[in-house]
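Q: Questions regarding the structure given below will be posed in turn.
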Amino acid sequence: MRYLVTGGAGYIGSHVVLALLDAGHEVVVIDNFITGHRDAIPKDVEQHDVDLLDYHATSNVLAKKRWDGVLHFAALSLVGESIEKPFHYLRNNYQASLNLIQLCSKYAVEKFVFSSTAALFGGPDRCEAISETASIQPASPYGESKYMVECILRWADKIYGLKSTCLRYFNAAGADPFNRAGEDHSPETHLIPLTIDAALGRRPPLQLFGLDYPTPDGTCIRDYVHVTDIAEAHIRALECLNEKSTAFNLGNGRGYSNLEVIQSVERVSGRRVPWEPAMRRLGDPAVLVADSSRIKRETGWSPRFDTLDKIVETAFAWRAKHPYGYDK
Ligand code: UDP
């Protein structure tokens, strides 16, 4: 099969490119390379340096070949930044996706898999595992922009028959188990890479945002799902996407507190993690845990990296081998 991957140079996109290649598919990448890394994509993969906001340039790529499916990752993805720059986020995530989906409808692409997010659910006081039927209440322009794309997809199916699966990731983490790709954001804001860097003495002590949450140890609880398991979910989604568009929540279904993340990094690295208490970060819900039973039931997906230590081991291996990330 031939698949077009937007944002294939980004963290999750690059791991999905590897999974598609491993499964024997042909892959073409579109990326504007603003936050993505050229080194994250194998050299022999066809790449187009194109911004999806450029309708004509995107159209030229779509028109070149027949596509068995499009997987759409290209997006800005920082909740805090989206509150500072709402229109920038809505333009980049919504307008760019509108261009892409319009072109997929025009060129009769049959299958579309969209990189959505648990940020759709917002809701700071939720404690139970979140299923697909939970109410959608984005708490940021980032979450809203992803929800708006899900809405475009609903209409693209109703009117043009474009079948789509939206995968709403919880906390993506870890790195390719063969060390071919990993997590490298600039600036890095995510807990696991920051904790690993603190353990390796490459950053000042970790700032732990909030110790007074209504959780057993007072720190936030998140559901970490390995990026290779996320990639596998995309393959399953493509295989199972036939008659009906759908959305799946995607997580391990078990939450770990921020202090448990620190303990896991200490176990895996054999080093102490220096950290200090800090103020709560704006917009952080106390608990975010996925109910992933629907994707398991409907596609047979299940996570291979089912404990935090297994996830952290791969993240640590990549970080240790790439102290300054890609490109440096
Ligand atoms: N966090 C923290 N210090 C940091 C970065 C993150 O305490 O330097 C906390 C953050 O407040 C949240 C958890 O780690 O409770 C996970 O945050 P991350 O940004 O990794 O993912 P998010 O859940 O926001 O998508």
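The values are calculated or read from the model by the stated rules, or taken from the named source; none is laboratory data. All values reported here derive from a predicted model rather than from experimental measurement. Virtual Cβ from ideal backbone geometry, glycine too; neighbours counted across all protein chains shown. With ligands, DNA and RNA removed, areas are computed over all heavy atoms of the protein, side chains included. Shrake-Rupley method; radii C 1.70, N 1.55, O 1.52, S 1.80 Å.
Q: Restricting the search to the range 139-160, which residues are in contact with a Ser or Thr (Cβ under 8 Å, 6 or more places away or on another chain) and part of a loop (DSSP other than H, G, I, E, B)?
A: SER140
Q: I would also like to ask the following. Based on this model, can you work out whether ARG154 counts as away from the ligand (no atom under 12 Å from the Cβ), of a type in the set (Lys, Arg) and either over 22 Å from THR246 (Cα atoms) or under 20 Å from the mean Cα position of the chain (by Cα) (or both)? If you could, list the steps in order and put the result at the bottom.
A: Working: away from the ligand (no atom under 12 Å from the Cβ): yes; of a type in the set (Lys, Arg): yes; either over 22 Å from THR246 (Cα atoms) or under 20 Å from the mean Cα position of the chain (by Cα) (or both): no.
Answer is no for this residue.
Q: For residues that are buried (at least 23 other Cβ atoms within 10 Å of the Cβ) and within 15 Å of the chain's Cα centre (by Cα), scanning just the range 238-261, find the one that is nearest to LYS310 (Cα to Cα).
A: ASN252
Q: Something else now. In the range 115-134, which residues are open to solvent by less than 10 Å² (accessible area, probe 1.4 Å) and in contact with an Asp or Glu (Cβ under 7 Å, 6 or more places away or on another chain)?
A: Result: SER116, ILE130.
Q: Taking into account only those residues within the range 135-149 that are open to solvent by 20 Å² or more (accessible area, probe 1.4 Å) and out of contact with any Gly (no Cβ under 6 Å at 6 or more places or on another chain), which is farthest from ALA233 (Cα to Cα)?
A: Keep residues of the range 135-149 that are open to solvent by 20 Å² or more (accessible area, probe 1.4 Å), which gives 135-139, 141-142, 144, 147-148.
Checking which are out of contact with any Gly (no Cβ under 6 Å at 6 or more places or on another chain) leaves us with 135-136, 141-142, 144, 147-148.
Values: SER135: 23, ILE136: 22, PRO141: 26, TYR142: 22, GLU144: 23, TYR147: 20, MET148: 22 Å.
The extreme case among them is PRO141.
Q: I'd like the full set of residues that are farther than 30 Å from GLY270 by Cβ and within 16 Å of the ligand (Cβ to nearest atom), limited to the range 286-316.
A: Residues satisfying the conditions are ALA286, ALA290.
Q: Just checking, how many residues over the range 264-278 are within 17 Å of THR215 (Cβ to Cβ), surrounded by fewer than 18 Cβ atoms within 10 Å (Cβ to Cβ) and more than 10 Å from the ligand (Cβ to nearest atom)?
A: Residues in the range 264-278 being within 17 Å of THR215 (Cβ to Cβ), surrounded by fewer than 18 Cβ atoms within 10 Å (Cβ to Cβ) and more than 10 Å from the ligand (Cβ to nearest atom): 0 in total.
Q: Between a residue in the range 309-328 that is open to solvent by 50 Å² or more (accessible area, probe 1.4 Å) and any residue that is aliphatic (A, V, I, L, M), which pairs come within a Cβ distance under 7 Å, given they are 6 or more apart or on different chains?
A: If the second residue must be aliphatic (A, V, I, L, M), the pairs left are GLU313/VAL268.
Okay, residues lined up against (1) more than 16 Å from the ligand (Cβ to nearest atom); (2) surrounded by 20 or more Cβ atoms within 10 Å (Cβ to Cβ); (3) closer than 30 Å to GLU243 by Cα; (4) touching a residue at least 12 places away in the same chain (Cβ under 8 Å):
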| site | (1), (2), (3), (4) |
| --- | --- |
| LYS64 | yes, no, yes, no |
| VAL70 | yes, yes, yes, yes |
| ILE83 | no, no, no, yes |
| VAL113 | yes, yes, yes, yes |
